[in-house]
Each structure stands twice: as C-alpha cells, then as structure tokens.
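**Q** Pasting in a structure now, in structure tokens, and then I'll have a few things to ask.
The values are calculated or read from the model by the stated rules, or taken from the named source; none is laboratory data. Given the structure is predicted, the values throughout are model-derived calculations rather than measurements. Cβ atoms come from the backbone with ideal geometry, glycine included; neighbour counts cover every protein chain shown. SASA here: full protein model, heavy atoms, side chains in, ligands and nucleic acids out. Shrake-Rupley method; radii C 1.70, N 1.55, O 1.52, S 1.80 Å.
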Amino acid sequence: MTTRAPATSAPATRAPATSAADLVHQRVVGHSLDAPFYVSEEFLALDIAAVFARSWIFVAAEAELPEPGDYVTVTIGPYSVILVRDDEEDVRAFHNVCRHRGARLLHEPHGSVGNIVCGYHHWTYGVDGTLLHAESQSPDFDPTCFGLRTVHVRTLAGLVFVSLAARPPADFDEVADRVEPYLAPHNLRRAKVARQIDLVEEANWKLTMENNRECYHCAGHPELQRCYFPLYNFTADEVPPALRATYERFLAADADARATYESLGLPYETIEELDTRPTGFRVQREPLDLAGESFTTDGRVAVRRLLADFPTARLGHLGLHTQPNAWFHLASDHAVTFAVLPLAPDRTLVRTTWLVHADAVEGVDYDPDTLTRVWNTTNEQDAVLVARAQRGISSPAYLPGPYSPTESQVEDFVNWYITRLKEHLEG
Ligand code: FES
Ligand SMILES: [Fe+2]
C-alpha cells in the first residue's frame, strides 16, 4: 500500500493540471480520489464510457413493467434506453433512437404502448423491436434491416440490468446464479411497485456510491439506526465503545436469525466479491434490530401481506450491493431498490423503488408513509451529506483523505472503479 504524507497546515493548493490517465494511474490506495474525478466534465465522460457503457447497470424492477406493452425509459449519460415487456412477457431493451433519422421515440419515463411509433415520420416498431411500418419507401427497402437497436438485458429474480457494451461483462450469468437463491424466496417477480421516489443529489455519482458503502456516518441516520445495526465491517475488536451495547444486541439477534435461516433453508452466508470481478457484488442476510422484521421505526412489518408465504416475518434483511450503481434491501414484507445514475459531474439521480406483494392493498395492508419513511428519510439525510462532500471537494484546498477500516467497502468500490478506468484507457 502506498502511504500519503500527513496533511500539513500549510496552505493547500491543488497540483498543476494532470491528465485523466495520470490521475487514474497515480490513485493512492486507501484514500479518496483526487478532485477532478468528482468535479470535471472530462471524468464524467470517462465514467460514462468506461463504466456505464461497459458494465451491467441496474435500471428497474420488473414490477415497473408488469404487462406486455408496459415500458420504462432510462437515461444513462447521453444514452436513452427503452425497457419494454414484449408479448411473450419477456423484458426487452432498445436504444430510444428511431432507425429512420434518429428521432427519440418515447419521451415519458414510463407508460404503455401497443407499438412504438416515432413522432416524426411515424415509422412503427413492434415491442419486439421489429420495424412494422414505414410509409412511402422504395421497392427495395428492406424493413428487416431497420429494427430498433437492441441493448443487452438480463433479469435477476425480478431486477433488470442492461449493458450498453457490444460485449458485456461475461460474468453476469455466473453472478446471477449465485445471487438468485438469496433473492428468489422474496418473490420479486410477483411484486408490485408501491412507491418510487426520484431524488437528485447535488454530488458526483461516485460520492453517492461511496456514501452508501459505509456506515461510518450512520449517526446521521437516527431513524435507520433504530432498526438497522450500524456495524458495517467492524470485527469484534474494532467495535467502538458507543456501539458496544448495539453489538451485544446484534450477536443475540444474529444467533436467532441464523437458526431461522437454517430452518427455512434460506441462504445467508456473506459472499463479497466487490472488486475482484467486472460484475462486482456483495450479498448478505442479517438480522434487524427491535422487532427484527422490517425497515420501520419499530422494526415491525410495514405490509401485512408478506412478499411470500414466509412462516415468520422476522427474517431481518437481505442486502445486495452491485457495482457500479445499485443496492437493494429485502425484508419479509417489502423490498427497496436503489439505482444511481449520473446527470452531471455534480448531480446524480437516486431512484428508490418500494416493492410489495402484488396483492397487497394500499390503505388496507400498508400505509405508504410508514412503508417509505425510514429509507426516504435516510436518502434525504444522505443527500445533505454528499452535497457537503461535493462542496468541500470543489475547493482548491481539498486533498484526498484516508479511509478508515470500517470504510473498506468504499475502497472496494473505488478500486473496482479505478480498475475499470485502467482497462478502458489501456484499450
Ligand atoms: S425519424 Fe423516426 S420516422 Fe423519421
Ligand atoms: Fe447514509
């Protein structure tokens, strides 16, 4: 590990301009990134090219498009992607670009179509992407050559990932095979969307992700901390005095939870491969505090109708992290998905979606405010924190600082990211 000289009290100024490639190769392990990674247009473009256009990106839950013809449009940097459920009920993905003269086809964030009709000269495509109708063409016009351009798409236990790459990372299917047994019992393919909230954070997308990958700051989340054990990555020796009582509670809850998982055949052991593969991930099942059932202020379920026929609601939560842009929390009664998409060097969309059983009835089985309170409040608190980080990093006085041991997943994220940039820059 390279060590960085201690910070000095001398006036700190940023070093003279260095190329993006140099900054990537000079990155100091265990420290936050240099400022241009977070503030420059050049790095945003590099991030789109090296990360968002090459990796598997989580974009939606299948529940967002339950019926044939239902669609969602997703903006990934300069790309717009249509997700649509076809007549065979499979999820397809296409570039949102007409094959005639390039007009954007669908403009709404979501909706339902019979066919996809361009608003310019009315070329008409089926939901399988085939060109069905193009008026007044010459006799030798071959419509089969002008179907919509496809985008690679995979569904994983009800979660939809796309890759804009010509050759997407080949390890997705292996990751899916290992993660699916954890997710499948929660039945997300049979879920519906109870709420979706888009939050625009005034920060670089990597600050949003870094912030998600540690709980060093979790004292800033009093609502979350009531039900969630904020013991990220601490070994027994490292637990700080202020968290000692919480840790003792965690140990008892963890023993109970493991017994429950064993009896129900639910996989629970942690798999952590965050920076050792292109489709980095981490999955873990662990207890929750208080009643141990869900992400609510008393730890009890927010939805009376559980996601599946679990014999108990007290399953804690299943946490899944996927690089580069998502995390998920699944409890017995609901699941929450988080998708992070860059909008500008200092603006990031965080799309949070709450999923409940398809037959759960709002106002009868759940109250949306109770359902969304903990994570919505937590998101808003995080937005304040990452905006503060962005403002500080934008000062010429900013110098990268060291991650603590409890921030090891932040280092994993940054290491994964730097590896992708190096691969891209080295062609
Ligand atoms: S650009 Fe779409 S039909 Fe002409
Ligand atoms: Fe947070």
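**Q** Would you mind getting the accessible area per residue of region 329-386, heavy atoms of the protein chains only, 1.4 Å probe, in Å²? Walk me through the numbers before you get to the answer.
**A** Working: 1640 Å² over 58 residues.
Each residue of region 329-386 exposes 28 Å² on average to a 1.4 Å probe.
**Q** Obtain the nm distance between the two label points defined at Thr75 and Glu88 by a simple spin-label model: each point lies 7 Å from its Cα along the Cα-to-C-beta direction.
**A** 3.3 nm
**Q** Here is a further query. Report Rg/Rh for region 290-427, rounded to two decimals, where Rg is the Cα radius of gyration and Rh the Kirkwood radius.
**A** Over the Cα atoms of region 290-427, Rg/Rh equals 1.06.
**Q** So, one more: Counting Lys and Arg as +1 and Asp and Glu as -1, each charge on the Cβ, what is the dipole of the chain about the Cα centre in debye, to the nearest 20?
**A** Details: 37 positive and 59 negative charges, 164 e Å.
That gives a dipole near 780 debye.
**Q** Let me ask something else about it. Could you order peptides 348-355, 375-382 by the average number of other Cβ atoms within 10 Å of their residues, highest first? Please list the in-between numbers first.
**A** Working: 348-355: 22.2, 375-382: 18.1.
Output ranking for 348-355, 375-382: 348-355, 375-382.
**Q** Take the Cβ-Cβ distance between Ser263 and Arg190 as r, set R0 to 30 Å, and report the resulting FRET efficiency rounded to the nearest 0.05.
**A** With R0 = 30 Å, the Cβ-Cβ based efficiency is 0.80.
**Q** Could you identify which residue out of Thr372, Thr322, Thr124 has the top mean-square fluctuation in a GNM of the chain using Cα springs shorter than 10 Å?
**A** Evaluated over the chain, the most mobile residue of the options is Thr124.
**Q** Give a residue-ordered list of calculated ³J(HN,Hα) values for region 139-149 (Karplus: 6.51 cos²θ - 1.76 cosθ + 1.60, θ = phi - 60°; whole Hz; x for Gly, Pro).
**A** For region 139-149, the Karplus-derived couplings read x, 8, 5, 10, x, 5, 8, 10, x, 4, 6 Hz, x marking Gly and Pro.
**Q** Still on this model: Using only alpha-carbon positions, what ratio does the radius of gyration of region 57-155 give when scaled by 2.2 N^0.38 Å?
**A** Values: Rg = 13.2 Å, N = 99, 2.2 N^0.38 = 12.6 Å.
That ratio works out to 1.05.
**Q** Can you tell me which of 236-242, 268-274 comes out highest on packing, and rank the rest after it, using the mean Cβ neighbours within 10 Å? Mind showing how you got there, number by number?
**A** On the way: 236-242: 9.4, 268-274: 15.4.
Final packing ranking: 268-274, 236-242.
**Q** Mind checking the per residue accessible area of region 38-146 for me, 1.4 Å probe, whole number of Å²? Let's see the in-between values first.
**A** Details: 5070 Å² over 109 residues.
Accessible area per residue: 47 Å².
**Q** Moving to a separate point now. If R₀ is 41 angstrom, what is the calculated FRET efficiency for the pair Asp298 and Ala170, using the beta carbon separation as r and rounding to 0.05? Mind showing how you got there, number by number?
**A** On the way: r = 45 Å, r/R0 = 1.10.
Once the sixth-power term is evaluated, E becomes 0.35.
**Q** Label points 7 Å out from Cα along the Cβ direction at Arg104 and Arg305: separation in nm?
**A** 3.6 nm
**Q** How would you order 258-267, 140-149 from highest to lowest mean count of nearby Cβ atoms within 10 Å?
**A** Values: 258-267: 14.3, 140-149: 12.4.
The packing order, highest mean first, is 258-267, 140-149.
**Q** Would you mind getting me the FRET efficiency between Asp128 and Ala245? Use the beta-carbon distance for r and R0 = 60 Å, nearest 0.05. Intermediate values should be presented prior to the final figure.
**A** Details: r = 58 Å, r/R0 = 0.96.
E(calc), rounded to 0.05, equals 0.55.
**Q** Here's a follow-up. Quick one: length gained pulling Asp359 to Glu41 fully straight, 0.36 nm per residue minus the C-alpha distance? All intermediate terms of the calculation are to be shown ahead of the outcome.
**A** Details: separation 318, 0.36 × 318 = 114.48 nm, distance 4.54 nm.
That works out to 109.9 nm of additional length.
**Q** Which of the helices in the chain, when you take each full DSSP H run, stretch at least 24 Å along the axis at their Cα atoms and have an average Kyte-Doolittle score of -1.0 or higher?
**A** On the way: long enough: 244-264 (30 Å, -0.53); 368-393 (36 Å, -0.52); 408-425 (25 Å, -0.53).
Qualifying helices, which must be both long enough and hydrophobic enough, are 244-264, 368-393, 408-425.
**Q** At q = 0.16, 0.18 Å⁻¹, what base-10 log of I(q)/I(0) does the Debye formula yield for region 363-421 when every alpha carbon is treated as an equal point scatterer in vacuo?
**A** Normalising to I(0) and taking log10 leaves -0.78, -0.88.
**Q** If DNA, RNA and ligands are ignored and the probe is 1.4 Å, what is the ranking of Arg285, Arg27, Arg195, Arg391 by accessible area, most exposed first? Walk me through the numbers on the way to the answer.
**A** Details: Arg285 10, Arg27 30, Arg195 90, Arg391 160 Å².
Accessible-area ranking of Arg285, Arg27, Arg195, Arg391, largest first: Arg391, Arg195, Arg27, Arg285.
**Q** Moving to a separate point now. Roughly how far apart, in whole Å, are the Cα centres of region 278-299 and region 388-413?
**A** If you average the Cα positions of each part, the centres end up 26 Å apart.
**Q** So what's the back-of-envelope 222 nm ellipticity for the chain, counting only DSSP H runs of four-plus at -39500 (n - 2.57) apiece and dividing by all residues, rounded to 500? Could you put the intermediate results ahead of the total?
**A** Numbers: 9 runs with 110 residues, N = 427.
My calculation for the chain gives -8000 deg cm²/dmol from helical runs alone.
**Q** Using a 1.4 Å probe on the protein heavy atoms, what percent of the accessible area of region 57-155 belongs to carbon and sulfur?
**A** Working: 2290 of 4990 Å².
Percent of accessible area from carbon and sulfur atoms in region 57-155: 46.
**Q** Something else: What nm value, rounded to one decimal, do you get for the distance between Asp256 and Asp198 when each label is placed 7 Å out toward the C-beta?
**A** Going from the Asp256 label point to the Asp198 one covers 4.1 nm.
**Q** Hey, another quick one. For the chain, report the translational diffusion coefficient in µm²/s to the nearest whole number, using Stokes-Einstein at 10 °C, 1.306 mPa s, and a Kirkwood Rh over Cα pairs. Walk me through the intermediate numbers first.
**A** Working: Rh = 23.0 Å.
So the translational diffusion coefficient is about 69 µm²/s.
**Q** Stretched out fully, how many nm does the piece from Asp142 to Ala344 gain, at 0.36 nm a residue minus the Cα gap?
**A** 68.7 nm
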